[in-house]
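The structure appears below as structure tokens.
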Ligand code: PGA
């Protein structure tokens, strides 16, 4: 059975106090208002993981994610954070391959593969991001582009490893721009992703993989997006920083 997931990627936003306020507001809204079967994930910046995690641990619906992880296990890697460390403070998920990390931190397919391995080895679940830039969409090359991203980082995983993976499709032209993919554009890409996954792994695993949409998702468009057959939820940036908006998106299922 595919999990329905709404994950909030806070990126590099909020102070410590603000982060605690945000998560406790979300926690209360989720407890009071969310009745459906949905997994809620929050991904705060590294320094707030442990404190935010204390709140999410008290709520069965809520889970903790990190925004990044080192591909290394431990050692002399100044500034890096390992999967073991993330696990030890209560993280269950790790966002891997976000377009901002690919772009600003030059993370390539091989690095992302190593991060996937390191994450899964610690029993954490990767949220693997893919998505095309505008010029690839305009050139009608978006399927090939995303297919290659999936193949280049995921295809070397075993079926058992792949079972842990959540995929997020985030067209770069829709991230933080206010320009959302139409529900039809999202559905056709999600169906394509699922088909590609079924070629790399067993068909049942591909069928059961949650594929999230990300890119200017908000309370006004979430219902339409989430109603698509192959859209199993969202990875939310800007709108996850406001508790009311985030809770309304969660309730869009
Ligand atoms: P956005 O970001 O919702 O602000 O467009 C989504 C993301 O980058 O995960």
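Overview of results
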| read-out | value |
| --- | --- |
| Linear extension gain, residue 3 paired with residue 103, 0.36 nm per residue minus alpha-carbon span | 33.1 nm |
| The range 150-253 - convex hull of the alpha-carbon atoms, volume per residue in Å³ | 98 |
| Most mobile listed residue (55, 64, 235) in the chain, GNM with C-alpha springs under 10 Å | 55 |
| Candidates 80, 188, 25: whichever shows maximal mean-square fluctuation once the chain is modelled as a Gaussian network with Cα springs under 10 Å | 80 |
| The chain - percent relative contact order, Cα under 8 Å, separation 6 or more | 22 |
| Rg/Rh ratio calculated on Cα atoms of the chain (Kirkwood radius) | 0.93 |
| Extension gain (nm, one decimal) between residue 32 and residue 148, 0.36 nm per residue minus Cα-Cα | 37.5 nm |
| Computed [θ] at 222 nm, deg cm²/dmol, the chain (DSSP H ≥ 4; -39,500 (n - 2.57); rounded to nearest 500) | -12500 deg cm²/dmol |
| The range 155-197 versus the range 34-62: alpha-carbon centroid distance in Å | 23 |
| Three-way shape label, the range 59-112, alpha-carbon gyration tensor, a/c 1.5 | oblate |
| Of 151, 98, 63, the one that fluctuates the most in a GNM where the chain has Cα springs shorter than 10 Å | 151 |
| Proportion of all alpha-carbon pairs of the range 34-141 beyond 17 Å (%) | 57 |
| Length gained when the stretch residue 17-residue 140 is fully extended (0.36 nm per residue, less Cα-Cα span) | 39.8 nm |
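Just so you know, all these numbers are worked out from the coordinates, no wet-lab data involved. Fair warning: this is a prediction, and the values are worked out from it, not measured in the lab.
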